[in-house]
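Participant: This structure is in structure tokens; I'll ask about it shortly.
What follows draws every value from the coordinates through simple rules; no lab data is involved. Just so we're clear, the structure is a prediction, and the values are computed from it rather than from any experiment. Methodologically, a virtual Cβ is constructed for each residue, glycine included, from the backbone with ideal geometry; neighbour enumeration extends over all protein chains shown.
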Amino acid sequence: MRKVLPEKMFMDAEQSRLTTLRGWVLDNEVTEIEMSERQFWNFAQLQPVAEKPWVTFMGRQVYVPNMPEGAQKCLGVFDKRLPGVI
């Protein structure tokens, strides 16, 4: 089930924790994660460099619809299931 990350989660880099995200994914049976660009960059900051490009978390695809399309494609977070996308 695709879910939008709660608005307050990962909005402040100082309070962002991967354990919080892990609990949210498991508690809500999330299969795809949608987040804002600010949340994405706070999330990416917590990931080890070896994990780059951060397109998944716990095997769940990450989507960032409000990020510029070119950046989404470059990072691999572009939703290819949108109408008209090949």
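Participant: Give, in nm to one decimal, the length gained when the segment between Lys73 and Arg22 is fully stretched (0.36 nm per residue of separation minus the Cα-Cα distance). Can you show the working numbers first?
Facilitator: Numbers: separation 51, 0.36 × 51 = 18.36 nm, distance 2.50 nm.
The span from Lys73 to Arg22 would gain 15.9 nm if fully extended.
Participant: Using alpha-carbon pairs under 8 Å, 6+ residues apart, how would you state the relative contact order of the chain in percent? Could you put the intermediate results ahead of the total?
Facilitator: Values: 97 pairs, mean separation 23.7, N = 86.
Relative contact order for the chain comes out at 28 percent.
Participant: Residues with amide H under 5 Å of Glu32's amide H, sequence separation 5 or more or different chain, H placed in the peptide plane at 1.01 Å from N; which?
Facilitator: So Glu32 has HN proximity to Arg2, Lys3.
Participant: Run the quick spin-label model on Arg38 and Glu14: label points 7 Å from Cα toward the beta carbon, then report their separation in nm to one decimal.
Facilitator: 1.5
Participant: What does the highest-first list of 34-42, 16-24 look like by mean Cβ count within 10 Å? Show your work: numbers first, answer last.
Facilitator: On the way: 34-42: 19.3, 16-24: 13.3.
Per-residue mean Cβ counts within 10 Å order the peptides as 34-42, 16-24.
Participant: Could you list which residues have their amide H under 5 Å from that of Phe57, counting only those 5 or more apart in sequence or on another chain, with H placed in the peptide plane?
Facilitator: Val62
Participant: Here's a follow-up. For the range 9-58, what does the relative contact order come out to in percent, with C-alpha contacts under 8 Å and a separation of six or more?
Facilitator: 46
Participant: Moving on to the next point. Enumerate the calculated ³J(HN,Hα) couplings along the range 9-21 in order (Karplus 6.51 cos²θ - 1.76 cosθ + 1.60, θ = phi - 60°), each rounded to whole Hz, writing x wherever the residue is Gly or Pro.
Facilitator: 6, 6, 7, 10, 4, 5, 9, 6, 9, 5, 5, 5, 5
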